[in-house]
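Novice: My structure is below; once you've seen it, I'll send some questions.
The values are calculated or read from the model by the stated rules, or taken from the named source; none is laboratory data. Note that the structure is predicted; figures quoted are calculated from it, not measured. Heads up, the Cβs are rebuilt from the backbone with ideal geometry, glycines too, and the neighbour counts pull from every protein chain shown. Remember, those area values only see protein heavy atoms, side chains included, never the ligands or the DNA or RNA. Shrake-Rupley method; radii C 1.70, N 1.55, O 1.52, S 1.80 Å.
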Amino acid sequence: MRILYSLAWWLLLPFALFRLWWRGKKEPGYRRHIAERLGVYPSSPVSAGCIWVHAVSVGETRAAEPLVEALLAAYPDRNVLLTCMTPTGRATGQELFGNNPRVMQAYLPYDTGFMMRRLISRFQPGICILMETEVWPNLIAQCRASRIPVALVNARLSERSLKKGKRLPSLIQEAADGISCVAAQTETDAKRLREFGSRHVTVAGSVKFDATPTEEMIEKGRRLRACIGERPVLMCASTRDGEENPILDALSDLSPPETLLLMVPRHPQRFDAVAEMITARKLSMIRRSELGTDLASALPLPRDTRVLLGDSMGEMFAYYAASDVAFIGGSLEPLGGQNLIEACALGVPVIIGPHTFNFEAITEDAVLEGAAVRIHSATDLMREAGRLLSNDETRRIMGEKAQQFARRQRGATERTLEILKPFLDDH
């Protein structure tokens, strides 16, 4: 089955390269470092035995931050290779670790045995740590052939992904057999991962809870709020295609009527498209990029500004710090939801849609503990946001519960490091 899988990759390779070029028309980063996607890397010297961490894109890279920092501290004589698959993931890695000479960055090549062998030969990792749901059969097979342990950490598996995996049982079982240990986010994830065929599964929690905002980012949020003024702020975070239109259509139902909508699309290539949706409705809008990098000298937003478009990268904590209530996108449409932990960590009341299968257990726990509330439509979103924005005491109590919820979940990084320690010490 893996031979057929590899053959499919080679047959699809021209289309994959064309897709890179096509996506590069809107996002130029896809046209950079293409050789790395084929397993060809610069020949600068590297030390053998580095710790290889793979995080597919922005969310996984941010989730990996506390783990990477802990690994660098615990193993001061070893470097970290951070691989990703998207330009935004790479940019996030550069933002987080660009000033650290011990962290190398590269794209993960396409999942063929030949290309994965080239990466392993080039960087000579001592261990491979995959974040969340990144299970690549040839990557795991080549690590196994080179006697490199593979760990799946911060692991989650939705019911939908489990059903998809069962369609290719022999391919998935071989990959699962090649994983040395799994640190699952929740007991539900652990149960599904075992059903998936994984062995040595331990529940460690989500390392995303251990990511804390820097004082610099909180201060940036304060300055952004100073630009906004005393108006209530509803943030729609990480919105996806199909969500912005109904949210904007329902905006007229939001009260208090002076409330500012802070909309932050998840994917930067959609910033302009979302801006067009806003202007098509004749809503007064300002883009975050128009305020400049130095918010201390930025002019106040005009009082008639209805929407602030968050068209920047790496400022999510600042956006949350400037908000009164946050809706977490990817959940109005059946897309699985996004991470609500950053909002909770800053004590911001959370509103979530009906579709949260990617973060099922954490979201349900947040709702049960009063840190989040679930809605089922954009109209419901505006009604619930209006209720919270109109009641300072209700909002304060819910924000405190959100912060307490985030605090109780911390410690996953330390638990994950303990799970990894035997494999790190032996390699």
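Novice: Within the stretch 326-342, does at least one residue satisfy the condition of being in contact with a helix residue (DSSP H, G or I) (Cβ under 9 Å, 6 or more places away or on another chain), open to solvent by 10 Å² or more (accessible area, probe 1.4 Å) and under 24 Å from Glu219 (Cβ atoms)?
Specialist: Within the stretch 326-342, one or more residues are in contact with a helix residue (DSSP H, G or I) (Cβ under 9 Å, 6 or more places away or on another chain), open to solvent by 10 Å² or more (accessible area, probe 1.4 Å) and under 24 Å from Glu219 (Cβ atoms).
Novice: Going by the conditions given, is Asp210 in contact with a strand residue (DSSP E or B) (Cβ under 9 Å, 6 or more places away or on another chain), among the acidic types (Asp, Glu), crowded, with 16+ Cβ neighbours inside 10 Å and in contact (Cβ under 8 Å) with a residue 24 or more places away in the chain?
Specialist: no
Novice: Only residues in the stretch 223-242 that are more than 24 Å from Asn339 (Cα to Cα) and hydrophobic (A, V, I, L, M, F, W, C) count as the first member; pair them with residues that are modelled with pLDDT of 95 or more and assigned to a strand (DSSP E or B), Cβ under 8 angstrom, at least 6 apart or cross-chain, and list the lot.
Specialist: Between residues of the stretch 223-242 that are more than 24 Å from Asn339 (Cα to Cα) and hydrophobic (A, V, I, L, M, F, W, C) and residues that are modelled with pLDDT of 95 or more and assigned to a strand (DSSP E or B), the close pairs are Ile228/Leu260; Ile228/Leu308.
Novice: Just to be sure I understand, how many residues within the stretch 404-421 are open to solvent by 30 Å² or more (accessible area, probe 1.4 Å), at pLDDT 95 or above and not basic (Lys, Arg)? Full working, then the answer.
Specialist: At the first step, the residues of the stretch 404-421 found to be open to solvent by 30 Å² or more (accessible area, probe 1.4 Å) are 404, 407-410, 414-415, 417-419, 421.
Still in the running and at pLDDT 95 or above: 404, 414-415, 417-419, 421.
Pick out the ones that are also not basic (Lys, Arg) and you get 404, 414, 417-419.
Within the stretch 404-421, residues that are open to solvent by 30 Å² or more (accessible area, probe 1.4 Å), at pLDDT 95 or above and not basic (Lys, Arg) number 5.
Novice: Within the stretch 220-334, considering only strands (runs of 3 or more DSSP E) that don't extend past its boundaries, which have at least 2 residues that are under 22 Å from Thr92 (Cβ atoms) and touching a Gly at 6+ places or on another chain (Cβ under 7 Å)? Walk me through it before giving the result.
Specialist: Numbers: elements: 233-239, 260-265, 285-287, 307-309, 325-328.
The strands (runs of 3 or more DSSP E) meeting that bar are 233-239, 260-265.
Novice: Among the residues of the stretch 234-250, count how many are farther than 16 Å from Leu301 by Cβ and buried (at least 21 other Cβ atoms within 10 Å of the Cβ).
Specialist: 8
Novice: Is the stretch 49-57 home to any residue that is in contact with a Cys (Cβ under 9 Å, 6 or more places away or on another chain), assigned to a loop (DSSP other than H, G, I, E, B), of a type outside the set (Val, Ile, Thr) and more than 29 Å from Pro422 (Cβ to Cβ)?
Specialist: Yes, because at least one residue in the stretch 49-57 is in contact with a Cys (Cβ under 9 Å, 6 or more places away or on another chain), assigned to a loop (DSSP other than H, G, I, E, B), of a type outside the set (Val, Ile, Thr) and more than 29 Å from Pro422 (Cβ to Cβ).
Novice: Take the residues in the stretch 288-306 that are touching a residue at least 12 places away in the same chain (Cβ under 8 Å) and of a type in the set (Gly, Ala, Ser), then tell me which one is farthest from Thr259 (Cα to Cα). Full working, then the answer.
Specialist: Within the stretch 288-306, the first condition is being touching a residue at least 12 places away in the same chain (Cβ under 8 Å), and the residues that meet it are 288-289, 291, 295-296, 298-306.
Remaining after also requiring of a type in the set (Gly, Ala, Ser): 289, 296, 298.
Numbers: Ser289: 21, Ala296: 22, Ala298: 20 Å.
Among those that are touching a residue at least 12 places away in the same chain (Cβ under 8 Å) and of a type in the set (Gly, Ala, Ser), it is Ala296.
Novice: Next question, about the same structure. Let me confirm something: among Arg62, Arg37, which residue is open to solvent by less than 20 Å² (accessible area, probe 1.4 Å) and among the basic types (Lys, Arg)?
Specialist: Going through Arg62, Arg37 in turn, the sole match is Arg37.
Novice: Pro257: more than 14 Å from Gly329 (Cα to Cα), more than 20 Å from the chain's Cα centre (by Cα) and without any contact (Cβ under 8 Å) to a residue 60 or more places away in the chain, yes or no?
Specialist: Against the criterion (more than 14 Å from Gly329 (Cα to Cα), more than 20 Å from the chain's Cα centre (by Cα) and without any contact (Cβ under 8 Å) to a residue 60 or more places away in the chain), Pro257 qualifies.
Novice: Just to be sure before I move on: is Val150 modelled with pLDDT under 90 and of a type in the set (A, V, I, L, M, F, W, C) in the structure I sent?
Specialist: no
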